[in-house]
1. Restricting attention to the stretch 234-255, and to residues there that are part of a helix (DSSP H, G or I) and free of Cβ contacts under 8 Å to residues at least 60 places away in the same chain, which single residue is nearest to G42 (Cα to Cα)?
2. Can you name every residue in the stretch 28-70 that is of a type in the set (G, A, S), over 12 Å from the mean Cα position of the chain (by Cα) and crowded, with 19+ Cβ neighbours inside 10 Å?
3. Please count how many residues of the stretch 73-91 are in contact with a Ser or Thr (Cβ under 9 Å, 6 or more places away or on another chain) and assigned to a loop (DSSP other than H, G, I, E, B).
4. What residue, among those in the stretch 96-130 that are of a type in the set (V, I, T) and under 20 Å from D154 (Cβ atoms), is nearest to the chain's Cα centre (by Cα)?
5. State the number of residues belonging to the stretch 134-150 that are crowded, with 18+ Cβ neighbours inside 10 Å and either in a strand (DSSP E or B) or of a type in the set (V, I, T) (or both).
6. Under the condition of being farther than 16 Å from L79 by Cβ and charged (D, E, K, R), which residue from the stretch 100-134 is modelled with the lowest pLDDT?
7. How many of the residues in the stretch 94-133 are among the hydrophobic types (A, V, I, L, M, F, W, C) and loosely packed, with under 14 Cβ neighbours inside 10 Å?
8. If you check G44 against the conditions, is it within 20 Å of S185 (Cα to Cα) and out of contact with any helix residue (DSSP H, G or I) (no Cβ under 8 Å at 6 or more places or on another chain)?
Amino acid sequence: MEKAALNTLNPADIERNQQDKIIETKLSRIGRKILVMSGKGGVGKSTVATYLALLLSERDYHVGLLDVDLHGPSIPHLLNVQGGFDVSESETVKPYQFSENLGVVSLEMVLGDKDAAVIWRGPLKIGAIRQFISDIDWGDLDYLIVDSPPGTGDEPLTVAQTIPDAEAIIVTTPQEISLADVRKSINFCRQLNMNITGVVENMSKLSCPHCGGNISLFGSGGGARMAKQMGVRFLGEIPVESEMVEMADKGSLEALTHKSGLEINKAYRQILELVIKN
């Protein structure tokens, strides 16, 4: 019966069915799949995704970091990834091994020119994201962190449809223009029955280097109020840290995680505990 049904499908449908089975098998070896998304750009979403992946890997979890921001991938720059995929003698393609516990995949790793514009329509983007899951040997992972471009377009929709048990962390900043777009992201998740792990407010405050007082550059408390109004969990606030900007630009984000006494590390670790216990 199944054979007869397959005979009625065209080659493209058969290939997709086969890929679906491979994807299902790959995903069965991965514990939690977390999509980090935002309603708008410029809120530090890629930094949040990368930092959480680094901290999880340092806690001895096996982590995959997948960058599906195809038009503007940031993760290779944040981590100073210079190499491409790891291809074994058996021609198995594995993620770039950033550390013993962290593997990274991004489209930028296969582009000859990192400044080249990726001018792709929906079908090409959908196909690339599915291949990142089906054709890459992720192995056994505790967490797969997926960094998505801003908005509710092809990329987050493809992740949600390809990974049925994916959950979302939504990143915002305190000002209303960002919060309005985050509400759309929350409704996106609800329409797709995607579990929302919580909302993170980035760039919440800046500690004055002279007096030590807090400066609210983009307002105050907006993320927590919005999360309460929308009935989702608020994970915490991440302060502005000038050293974070410097280390990210240098591609040395990992080094920042080992610095003690930074408020930003305290904030991230509190958020991480809530994510792990979710």
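The values are calculated or read from the model by the stated rules, or taken from the named source; none is laboratory data. These figures come from a predicted structure and were not determined experimentally. Cβ: placed from backbone, ideal geometry, glycine included. Neighbour counts: every protein chain shown.
1. My answer is V245.
2. Result: G39, S57.
3. Residues that pass the stated criteria total 5.
4. For the stretch 96-130, the residue satisfying everything is V105.
5. Qualifying residue count, the stretch 134-150: 7.
6. Filtering the stretch 100-134 for residues that are farther than 16 Å from L79 by Cβ and charged (D, E, K, R), the one modelled with the lowest pLDDT comes out as D113.
7. 5
8. Criteria met by G44.
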